[in-house]
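Q: Here's a structure for you.
The values are calculated or read from the model by the stated rules, or taken from the named source; none is laboratory data. This one's a predicted model, so the numbers in the text were calculated from it and none came from an experiment. Cβ placement follows ideal geometry from the backbone for every residue including glycine, while neighbour counts extend to all protein chains displayed.
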Amino acid sequence: MNVPQIVFEAEPELEKFSAFAWKCAAEHISSCPGAPQSPYMDEAFAEDRIWIWDTCFMVLYCKYAPEIFPGVESLRNFYLPMLDGVETPLKIHIPDNPPLFAWAEWENYRITGDREHLKELFFQHRYPQRMFRFFESLHYGDRFPYMSSLYPVQWQKTPFGYHWSGGRCGMDNTPRGDFPRTVIDNDPAYRKILFLDAAAQQALSARIIWEVTGDTAFRQEYDTLAALLNHYYWDEEDGCYYDIEATAPHRRVKVMTPASFWPLLAGVASPEQAARMAAHAENAMELDGPVPFPSVARNSPHFDPAGGYWRGGVWLPTAYMAVKALEQYQFTALADRLAEQLVRHQLRTWLEFSPHTVWEVYSPTRAEPATCKYNCLPDHGKPDFCGWSALGPINLTIENVLGIQADGVSRMIHWRLHHTCRHGIRNLRFGGVTASLEFDRGTIAVETSEPFRLKIEDRIYHIPAGVCRIKEGKIS
């Protein structure tokens, strides 16, 4: 299969695990006659339904093999029914799932460098802009003909933020709101709080739209949401973003989860705020520990050592987001360390727990999948979940374990070399380039189809097409 291949001599099992994830993901390329986009990426949960945030997160690894995996293409199965009124046999299970379309599209562009797709998306169809406005216009109780969920829309904008729910924000039985275990999914109790991630995700979308198009209306949307988050949702005493109560005086509800990192990904935090958030990420009593980014802080009374789905379980989408949020503020060493812990936990689970596969959600304490929701069967999350859990063996392994950050727009690779063993990557595609890089005993071997720039520490090398070596700062 024509996908990136990991080289890591010190741990060959990591190479095999990454290859397994690609194979598992390929098995979830599905077809549906009559769908706006077929084939498409199936989230590994239900054949007749699709989820917004699952698909957006899958785009993030599909970007590394776009000729095989229909990543951004799969988003058409949301754009056309939700915005253009196109009928579809694929049901959109939750239309008010996290609105991550602009982010997914932007991250895809950063690797592929596909300017024509970007122009068509943002300037011809204006799908990111229209999706932003769609979410701004939603009201509690809305229903649409393409929905499959029995529950209506939970999202609704207020002057102080957004109503939502556990099931709709994607964190099904989350204790956000300081709710007991019996409150799950779309319980009306969630109406008592306003969700920080909703505001941060809309801010992230507005920022990307404004930066791509120059539309100052979205700059204003971004500034308004950033100010809202920093005034109402930031807690100076704890140094953390929290949800707030929906009614005045809008007190902060101090339940710490990885969702607190969405404002960092959106770029609304100051450097000082980001540093205080980073401290929570490296606190073993909060969001660090044996496995980073449990879905609720370890010192919370709601934390379940077995996982309990979103009451301690480690989820790759929110963990990946938090790692990238830390990188946004240059906490790269911390991000790399946490990412490597996450990948190694997935690897240990793959090796030690049967069936040997990639799981929907992982235990925060043991090398096994996390347990599920209250009174929910089966006891563990779903297997073969590639699906978003491929973000560990693919993205985090490439971007953080290996330290390879590719930019297809500028045709540059920034390689943070922090291992001494022979390691690297083969068949990495970005911006029309196909390259292989391998570090071994102080020498970097490069083979590439096209010229590109390679940045190592503060030095930039101009790599010619063909085969070359870099040793002692010289290309030969």
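Q: Any idea which residue in segment 324-361 is farthest from MET277 (Cα to Cα), counting only those that are within 17 Å of the chain's Cα centre (by Cα) and small (Gly, Ala, Ser)?
A: Among those that are within 17 Å of the chain's Cα centre (by Cα) and small (Gly, Ala, Ser), it is ALA339.
Q: Spot the failing condition for GLY85; the list is (1) of a type in the set (Gly, Ala, Ser); (2) crowded, with 18+ Cβ neighbours inside 10 Å; (3) at pLDDT 95 or above, and only one is missed.
A: (2)
Q: So which residues in segment 211-227 are of a type in the set (A, V, I, L, M) and surrounded by fewer than 20 Cβ atoms within 10 Å (Cβ to Cβ), if there are any at all?
A: From segment 211-227, those of a type in the set (A, V, I, L, M) are 212, 217, 225-227; that's our starting set.
The answer is ALA217, ALA227.
Q: Return only the number of the condition from (1) free of Cβ contacts under 8 Å to residues at least 40 places away in the same chain; (2) under 28 Å from ALA104 (Cα atoms); (3) in the same structural domain as ALA189 (by TED's automatic domain parsing) that ALA248 does not satisfy.
A: So the condition that ALA248 fails would be (2).
Q: Could you check, for segment 314-328, whether at least one of its residues is of a type in the set (Val, Ile, Thr) and touching a Phe, Trp or Tyr at 6+ places or on another chain (Cβ under 6 Å)? Break it down stepwise before answering.
A: Going residue by residue through segment 314-328, those that are of a type in the set (Val, Ile, Thr) are 314, 318, 323.
Imposing the further condition that a residue be touching a Phe, Trp or Tyr at 6+ places or on another chain (Cβ under 6 Å) reduces the set to 314.
Within segment 314-328, one or more residues are of a type in the set (Val, Ile, Thr) and touching a Phe, Trp or Tyr at 6+ places or on another chain (Cβ under 6 Å).
Q: Select from segment 386-406 the residues that are farther than 18 Å from CYS62 by Cα and part of a loop (DSSP other than H, G, I, E, B) and list them in ascending order.
A: So the first thing to find is which residues in segment 386-406 are farther than 18 Å from CYS62 by Cα, and the list is 401-403.
Correct list: LEU402, GLY403.
Q: Identify, please: which residue in segment 170-222 is part of a helix (DSSP H, G or I) and β-branched (Val, Ile, Thr) and is, among those, nearest to TYR309 (Cα to Cα)? Break it down into steps so the answer makes sense when it comes.
A: Start the filter on segment 170-222 by keeping residues that are part of a helix (DSSP H, G or I), which leaves 188-192, 196-213, 216-222.
With β-branched (Val, Ile, Thr) added as a condition, the list becomes 208-209, 212-213, 216.
Values: ILE208: 31, ILE209: 33, VAL212: 37, THR213: 39, THR216: 41 Å.
The selected residue is ILE208.
Q: Would you please list the contacts, defined by Cβ atoms under 7 Å and residues six or more apart or on different chains, that run from a residue in segment 281-299 that is free of Cβ contacts under 8 Å to residues at least 40 places away in the same chain to a residue that is surrounded by 20 or more Cβ atoms within 10 Å (Cβ to Cβ) and not in a loop (DSSP other than H, G, I, E, B)?
A: Once the first residue is free of Cβ contacts under 8 Å to residues at least 40 places away in the same chain and sits in segment 281-299, its partners that are surrounded by 20 or more Cβ atoms within 10 Å (Cβ to Cβ) and not in a loop (DSSP other than H, G, I, E, B) give GLU286/HIS280; LEU287/PRO258; LEU287/HIS280; LEU287/ALA281; LEU287/PRO294.
Q: Looking at ALA259, ALA269, which one is of a type in the set (A, V, I, L, M), in contact with a strand residue (DSSP E or B) (Cβ under 9 Å, 6 or more places away or on another chain) and over 29 Å from ALA306 (Cβ atoms)? Before the answer, list the steps.
A: Working: ALA259 fails: over 29 Å from ALA306 (Cβ atoms).
Residue meeting the stated conditions: ALA269.
Q: Of the residues that sit in segment 376-418 and are under 21 Å from the mean Cα position of the chain (by Cα) and without any contact (Cβ under 8 Å) to a residue 40 or more places away in the chain, which one is farthest from LYS16 (Cα to Cα)?
A: GLN405
Q: Further question: Does PRO383 fit the bill of being assigned to a loop (DSSP other than H, G, I, E, B) and not β-branched (Val, Ile, Thr)? Don't jump to the end; show me each part of the working.
A: Numbers: assigned to a loop (DSSP other than H, G, I, E, B): yes; not β-branched (Val, Ile, Thr): yes.
So PRO383 fits the description; yes.
Q: Check segment 132-155 and report whether any residue there is modelled with pLDDT of 95 or more, among the hydrophobic types (A, V, I, L, M, F, W, C) and under 27 Å from GLY312 (Cβ atoms).
A: Checked against the condition, which is being modelled with pLDDT of 95 or more, among the hydrophobic types (A, V, I, L, M, F, W, C) and under 27 Å from GLY312 (Cβ atoms), segment 132-155 yields at least one hit.
Q: Applying the selection to segment 12-39, what residues are part of a helix (DSSP H, G or I) and in contact with a Leu (Cβ under 7 Å, 6 or more places away or on another chain)?
A: Initially, segment 12-39 is screened for residues part of a helix (DSSP H, G or I), giving 12-26.
Residues satisfying the conditions are GLU13, LEU14, PHE17.
Q: Inside segment 173-190, can you point out the residues that are of a type in the set (Ser, Thr, Tyr) and modelled with pLDDT under 85? I'd like the intermediate steps shown before the answer.
A: At the first step, the residues of segment 173-190 found to be of a type in the set (Ser, Thr, Tyr) are 174, 182, 190.
Across segment 173-190, the qualifying residue is only THR182.
Q: Mind listing just one residue for me: the one in segment 404-435 that is of a type in the set (Gly, Ala, Ser) and surrounded by fewer than 18 Cβ atoms within 10 Å (Cβ to Cβ) and, of those, nearest to CYS468 (Cα to Cα)?
A: Let us first name the residues in segment 404-435 that are of a type in the set (Gly, Ala, Ser), namely 406, 408, 410, 424, 431-432, 435.
This time we only want the ones that are surrounded by fewer than 18 Cβ atoms within 10 Å (Cβ to Cβ), so: 410, 432.
Values: SER410: 21, GLY432: 19 Å.
The extreme case among them is GLY432.
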